[in-house]
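In what follows, a single structure is set out as structure tokens and then discussed.
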């Protein structure tokens with residue numbers, strides 16, 4: 001059964017100020033920092049821990065930065081769509097990560113699914129496909145460019 005595409009329209013412009021978003025693969029370890037509160041609860045500031053671990057070991061035996069075929073496709077989305085704003089898949093080593101995709105263990109966490117903090121600039125009136133809503137943000141695909149990233153839910157309205 002095919003999932004129904006849910007369309008949204010931007011009701012106001014949004015411009016990101018994050019030029020080098022964190023990009024994480026399932027199994028990567030992070031150091032847990034502060035947790036956000038209002039207006040964006042359930043986001044945790046994380047630093048990649050694999051870079052400081054000898055060999056950069058991931059839980060599946062590969063090394064941080066190694067891409068496997070399973071890393072490239074996730075839920076039908078091509079990883080290229082989730083590259084950071086400068087076009088790389090490495091991204092920053094720090095950034096905000098949704099609490100729901102972290103398995104917590106003391107001051108560390110393990111990432112439970114591939115994630116990119118890439119935000120999109122969006123103009124009022126832009127039509128997008130909604131992929132996932134999480135903690136006040138919406139992961140979208142801009143129909144005209146096929147670009148994928150996050151925008152604040154408050155800037156979007158579902159098209160009925």
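The values are calculated or read from the model by the stated rules, or taken from the named source; none is laboratory data. This structure is a prediction, so every number in the text was calculated from the model and none was measured. FYI the Cβ positions are ideal-geometry reconstructions off the backbone, even for glycines, and counts take in every protein chain you see.
At-a-glance table
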{"quantity": "In the range 123-155, the residues that are part of a strand (DSSP E or B) and either more than 18 Å from the chain's Cα centre (by Cα) or not assigned by TED's automatic domain parsing to the domain that holds residue 6 (or both)", "calculated": "127"}
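Residues are listed down the side, and each one gets a yes or a no for (1) at pLDDT 95 or above; (2) in contact with a strand residue (DSSP E or B) (Cβ under 6 Å, 6 or more places away or on another chain); (3) in a loop (DSSP other than H, G, I, E, B); (4) not assigned by TED's automatic domain parsing to the domain that holds residue 147:
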| position | (1), (2), (3), (4) |
| --- | --- |
| 1 | no, no, yes, no |
| 9 | yes, yes, no, no |
| 12 | yes, no, yes, no |
| 32 | yes, yes, no, yes |
| 38 | no, no, yes, yes |
| 44 | yes, yes, no, yes |
| 66 | no, no, yes, yes |
| 70 | no, no, no, yes |
| 80 | no, no, no, yes |
